[in-house]
Amino acid sequence: MGCGVTKSNQFQRHAVKAIRAAVLIQQWYRQYVARMEMRRRYTWHIFQSIEYSGEQAQIKLYNFLGYLMDNFTPASDERNLISHIFRENEVCHDAEWERYFCYKNIEVPEIYSGPRLRFPLTAEQAVCLLEAFRNKKQLHSRYVLQLLLETWKLLRMLPNISRISTCHSKEITVCGDLHGQLEDLLLIFYKNGTPSLEKPYVFNGDFVDRGKDSMEILLILFAFLLVYPTEVHLNRGNHEDHLINLRYGFTKEVLSKYKMHGKRILKLLQKIFSWLPLAAVIDQKVLVLHGGISDSTDLGVLAKADRRAYVSALRPPKKKRRQRSSAGTSVDSDADDDWANRRLLRRRASLVFPKPAVSRDGFLNRSLRDFSDRIELGAEDEAERLGSFGAEREARASLDSLGSDGAKEEWKQILDLLWSDPMSQDGCIPNELRGGGCYWGPDVTRDFLSKHNMQLIVRSHECKQDGYEFCHDRKVLTLFSASNYYDVGSNRGAYVKLGPDLVPYVVQYQASSMTRELTAQQSVGQTERSALKVLREQLFSHKSDLIWAFKAFDSHNTGLISVTDWATAVEGVMRLGLPWRMLRSQLVGGKSGDGLIDYRQWFDQLAIKGANADHIDQSLLETLYRHRSTLETIFRIVDTNNSGFISPSDFRQTWKLLSVYLKMEITDEAISELTVAIDSNRDGAIDIDEFMEAFRLTDKKSRLERGRSMFMATAPDLSALDPDEHV
């Protein structure tokens, strides 16, 4: 009996120990999961903040250039320099454009081993094209132009809003952003099947930019569209816009892949993008569009919109007038003179336009240099008005700018459709993070669905970690199909299948085999390292502002600052809402023995080093680095013939544009020094790509982690930071 009691006590003691151990393990695991989730969230926040900042910068730049177009005299050099990007309504009929895009004079050499297309295309040819791109082959420019021309002809016959029914098939597959990532499209087709009569697809915009295979994705989608015009539906996204393409890599990709005929291909793609349908409706109950809605979205207005007028949705189309040609025939032309005398349109809950710096009459005969002089002389108020395109300004709409209430409403609705994002609170407010469109709340969704007798909105436009996300009581589904978007392991991709019951069935995936080999900790760690690399770039690009902020806490000019003050100063400058104290050890070295941060030593480790750049003013180099994407965009705008080269005179004019945009003075001497540093072969031309690669951020002390650059073809590779490798 006694022995039995003893064994029972021992069992109880072991059970108690086991329970305590289990509790400790659970506590440790909860803490571990919490730490991993915190790391995952701030990593995601870094990437998204920088992504939206870039989009906002592009819109600000475009507003600035549009402002110059509307205010400078048509004969000014500055206006002529940028006028070609606003020539949206050319004095050509479709038949004339078709002759311009003619492919018949382009010969295909015998040695060409890529796919050869015959029209009308067949399903077998579309699949062969898919396989050719899988095997890294390139389609000849003759076939590219022929395929694009046939696509353009087809798109011109399609309505603004595609009407789709599930009664002819079991399921309709909807895909979100692909952003030039061919691996994702190939994986979708592998898992779900290629488009066919039994397998209809809706691709919801943003086919291009950032990834390296945007052209291949377009050609595949257009090929299947030509084969199955009633089963393949393509919606326009905010990146189907040649002005956005200038910044995010698609323009550069096309010109590098098709050096001989790239200019014609880009021009034809501008036409195609403007003819892409705006939305799709499935069974009258599910709306599929790229960005979102606003409190004024009306499908009736969108269905009647003249979508071809919006070569870029960032700027309302100009009012056209009828003129008599020299031959006496009537032609359409841009009313440039009339437009130059009109006021700028302002959108309360959409794209933000600048207030005029002075009256129109005051600008009419002024040059850019004249305006630069105003800034240099200290006209701070005017400079601020021109340079600041952000946030809160009073709505000031001009009905004359677009000719009618209907035209103004049409542009606002298209802009919102392409750029907007949902938010958790009720209401509809300007989308200031992106710089265009609006944020709309659950109440707006309910009202819209009730008004149009619908039950679900499927949209894309935002990268989600799981590839999808429901919000607004599951009435809005965000779908993103580009996996590993920010870096390998950063997010899954997803597509959704809708059957006759219209219940969404989401399929997730990751295209890279590398992600399947990583543990959760390894995946988070790799993405975190890449995000921190990008964040270091941003911190350095704000070096001057940060030093001023640090000195405000360093009253004795010791070069030392507490961690708390450092975190406060950094957040005050960067405004990213990140846990800076926790990130300090991963971002900053040079901590002294008493726990203070030596911020001078930290910045001394980072410097821009380029060929023949030692004698160039460091503040100018910092400006170059901070605004490198904006500068490259201006270069590509100035490069009117898309050659990849600009003349020294255009190079100087580019810097003058940038100096006004940034409200700073860049002297002719500094520009000349930059010209000499870049034009090393003395051929009298500036190679844009060489210029962007000429100055790199280097770390004299350590090598930062390697990782894929966030923005393909726009952000410099900052991973190789050995001073011996960069001179």
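The values are calculated or read from the model by the stated rules, or taken from the named source; none is laboratory data. Since the model is a prediction, treat every value here as computed from it, not as a measurement. Heads up, the Cβs are rebuilt from the backbone with ideal geometry, glycines too, and the neighbour counts pull from every protein chain shown. Accessible surface is based on the protein model in full, side chains and every heavy atom, while ligands, DNA and RNA are left aside. Shrake-Rupley method; radii C 1.70, N 1.55, O 1.52, S 1.80 Å.
Points worth noting:
- Matching residues, segment 191-210, being outside any loop (DSSP other than H, G, I, E, B) and open to solvent by less than 20 Å² (accessible area, probe 1.4 Å): Asn192, Tyr201, Val202, Phe203
- Selected residue [among the β-branched types (Val, Ile, Thr) and modelled with pLDDT under 95] from Thr166, Thr173, Thr122: Thr166
- Only residues that are part of a helix (DSSP H, G or I) and open to solvent by 10 Å² or more (accessible area, probe 1.4 Å) were counted across segment 633-658, and they come to 7.
- Residue count, segment 278-296 (criterion: open to solvent by less than 10 Å² (accessible area, probe 1.4 Å) and either within 22 Å of Phe86 (Cα to Cα) or polar (S, T, N, Q) (or both)): 2
- Per-region count, segment 597-624, residues open to solvent by less than 30 Å² (accessible area, probe 1.4 Å) and either charged (D, E, K, R) or modelled with pLDDT of 75 or more (or both): 4
- Comparison of Glu107, Glu131, Glu124 shows that the only residue that is acidic (Asp, Glu), closer than 25 Å to Ala494 by Cβ and either open to solvent by 20 Å² or more (accessible area, probe 1.4 Å) or free of Cβ contacts under 8 Å to residues at least 60 places away in the same chain (or both) is Glu131.
- Yes/no for Phe550 being assigned to a helix (DSSP H, G or I), touching a helix residue (DSSP H, G or I) at 6+ places or on another chain (Cβ under 8 Å), among the aromatic types (Phe, Trp, Tyr) and at pLDDT below 90: no
- Looking across segment 550-569 at every residue that is under 35 Å from the mean Cα position of the chain (by Cα) and more than 17 Å from Asp604 (Cα to Cα), the one that is surrounded by the most Cβ atoms within 10 Å (Cβ to Cβ) is identified as Ala569.
- Filter pass, Glu665 being farther than 30 Å from Ile561 by Cβ, at pLDDT below 80 and either within 31 Å of the chain's Cα centre (by Cα) or not in a loop (DSSP other than H, G, I, E, B) (or both): yes
- Where Thr73 falls short, out of the listed (1) assigned to a helix (DSSP H, G or I); (2) at pLDDT below 75; (3) not charged (D, E, K, R): (1)
- Of all residues making up segment 493-513, the number that are touching a residue at least 40 places away in the same chain (Cβ under 8 Å), of a type outside the set (Ser, Thr, Tyr) and touching a strand residue (DSSP E or B) at 6+ places or on another chain (Cβ under 9 Å): 11
- Which listed residue, of Arg13, Arg79, Arg40, is modelled with pLDDT of 75 or more and assigned to a helix (DSSP H, G or I): Arg13
- Any hit, segment 172-190, residues being in a strand (DSSP E or B) and closer than 16 Å to Tyr485 by Cα: yes
- Here Glu231 fulfils each of the conditions (1) open to solvent by 10 Å² or more (accessible area, probe 1.4 Å); (2) modelled with pLDDT under 90 apart from (2).
- Among the residues of segment 297-319, those identified as of a type outside the set (Lys, Arg), assigned to a loop (DSSP other than H, G, I, E, B) and open to solvent by 40 Å² or more (accessible area, probe 1.4 Å) are Asp298, Asp306.
- Test result for Arg35, in a helix (DSSP H, G or I), modelled with pLDDT under 75 and open to solvent by 100 Å² or more (accessible area, probe 1.4 Å): yes
- Pairs meeting the criteria (first residue in segment 63-83 and basic (Lys, Arg), second residue modelled with pLDDT of 75 or more and in a loop (DSSP other than H, G, I, E, B), beta carbons under 7 Å, at least 6 apart or on different chains) are lacking.
- Residue under evaluation Ile25, criteria (1) open to solvent by less than 100 Å² (accessible area, probe 1.4 Å); (2) modelled with pLDDT of 75 or more, criterion not met: (1)
- Residue check, Gly441 within 23 Å of Leu415 (Cβ to Cβ) and in contact (Cβ under 8 Å) with a residue 60 or more places away in the chain: no
- Test: Leu147 is touching a Pro at 6+ places or on another chain (Cβ under 7 Å), farther than 30 Å from Leu502 by Cα, open to solvent by less than 10 Å² (accessible area, probe 1.4 Å) and at pLDDT 95 or above: no
- Condition check for Glu124 on (1) in a helix (DSSP H, G or I); (2) within 32 Å of the chain's Cα centre (by Cα); (3) under 24 Å from His233 (Cα atoms): one failure, at (2).
- Taking segment 241-298 as the range and being out of contact with any Phe, Trp or Tyr (no Cβ under 8 Å at 6 or more places or on another chain), among the hydroxyl-bearing types (Ser, Thr, Tyr) and in contact (Cβ under 8 Å) with a residue 24 or more places away in the chain as the test, the residues that pass are Thr251, Tyr258, Ser296.
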